[in-house]
Amino acid sequence: MPATTRLLPLPTEITRDLFIGYHITLAVLRQGRGDARHFSAMAGIIVITCYLLDAGYGEACQDAMAEVQEALVRCNRIAEITGVSGIDEATFDLLADLLTLHELQMRVAPFHVVEKANRRMLQAARAPSAGRSDIHKAA
């Protein structure tokens with residue numbers, strides 16, 4: 001990829017396709033038909049959003065980000081107990097707001113910043129976390 005392209009945000013078509021997938025994931029969780037992959041995807045979005053916030057893209061307070069993470073972790077724990085992988089309405093609202101923020105970030109953050117945030121998220125997900133659930137590993 002040319003260096004100048006790395007300074008631009010991702011193309012609109014790519015961002016649109018990503019967010020269609022993210023919203024489908026959110027809808028599946030809302031319907032209670034998700035699985036660990038859906039929780040993990042949302043956790044990854046939380047992490048990348050936080051990294052992009054740290055890099056200066058978007059505005060949100062740490063408490064709000066902690067709230068959405070805690071809500072997702074809580075729903076994941078309930079899913080582990082009940083076998084129903086879904087989220088409640090309050091968590092849905094928090095995640096919908098998160099996706100709105102993340103979409104705004106993706107429209108302005110240069111590709112190289114998004115790529116770095118994604119790499120950091122993947123490294124965090126691979127880091128050993130003894131005794132923690134999958135969602136904690138990603139978030």
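On the basis of being within 20 Å of Asp17 (Cα to Cα), hydroxyl-bearing (Ser, Thr, Tyr) and modelled with pLDDT of 95 or more, does Thr49 make the cut?
Details: within 20 Å of Asp17 (Cα to Cα): yes; hydroxyl-bearing (Ser, Thr, Tyr): yes; modelled with pLDDT of 95 or more: yes.
Criteria met by Thr49.
So, Ala96, is that one within 11 Å of the chain's Cα centre (by Cα) and not acidic (Asp, Glu) or not? So Ala96 fits the description; yes. The residue list Glu59, Glu70 contains one member that is at pLDDT 95 or above, within 14 Å of the chain's Cα centre (by Cα), at negative phi and not aliphatic (A, V, I, L, M), which is Glu70. Of all the numbered requirements in (1) at pLDDT 95 or above; (2) in contact with a helix residue (DSSP H, G or I) (Cβ under 9 Å, 6 or more places away or on another chain), Gln31 misses one, and that requirement is (2). Checking each residue in the range 65-98 for being of a type in the set (Gly, Ala, Ser) and surrounded by fewer than 17 Cβ atoms within 10 Å (Cβ to Cβ) picks out Ala66, Gly83, Ala90, Ala96. Picking from residues in the range 37-60 that are touching a Leu at 6+ places or on another chain (Cβ under 9 Å) and aromatic (Phe, Trp, Tyr), the one that is nearest to Glu80 (Cα to Cα) is Phe39.
In this entry, Val68 passes the filter for residues that are β-branched (Val, Ile, Thr) and under 23 Å from Ala127 (Cβ atoms).
Yes/no matrix, rows are residues, columns are (1) modelled with pLDDT under 95; (2) surrounded by fewer than 18 Cβ atoms within 10 Å (Cβ to Cβ):
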{"residue": "Thr100", "(1), (2)": "no, yes"}
{"residue": "Met106", "(1), (2)": "no, no"}
{"residue": "Pro110", "(1), (2)": "no, yes"}
{"residue": "Gln123", "(1), (2)": "yes, yes"}
{"residue": "Ala127", "(1), (2)": "yes, yes"}
{"residue": "Gly131", "(1), (2)": "yes, yes"}
{"residue": "Asp134", "(1), (2)": "yes, yes"}
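Residues that are in contact with a Phe, Trp or Tyr (Cβ under 6 Å, 6 or more places away or on another chain) and either of a type in the set (Phe, Trp, Tyr) or under 13 Å from Leu26 (Cβ atoms) (or both) within the range 85-115 comprise Leu99, Glu103, listed in sequence order.
Where helices (runs of 4 or more DSSP H) fall entirely within the range 1-105, those with at least 2 residues that are within 18 Å of Glu115 (Cα to Cα), in contact (Cβ under 8 Å) with a residue 40 or more places away in the chain and not charged (D, E, K, R) are at 12-30, 36-54.
The values are calculated or read from the model by the stated rules, or taken from the named source; none is laboratory data. Computed from a predicted model, the values in this text were never measured in an experiment. Please note: Cβ atoms are built from the backbone with ideal geometry, for glycine as well, and neighbour counts cover all protein chains shown.
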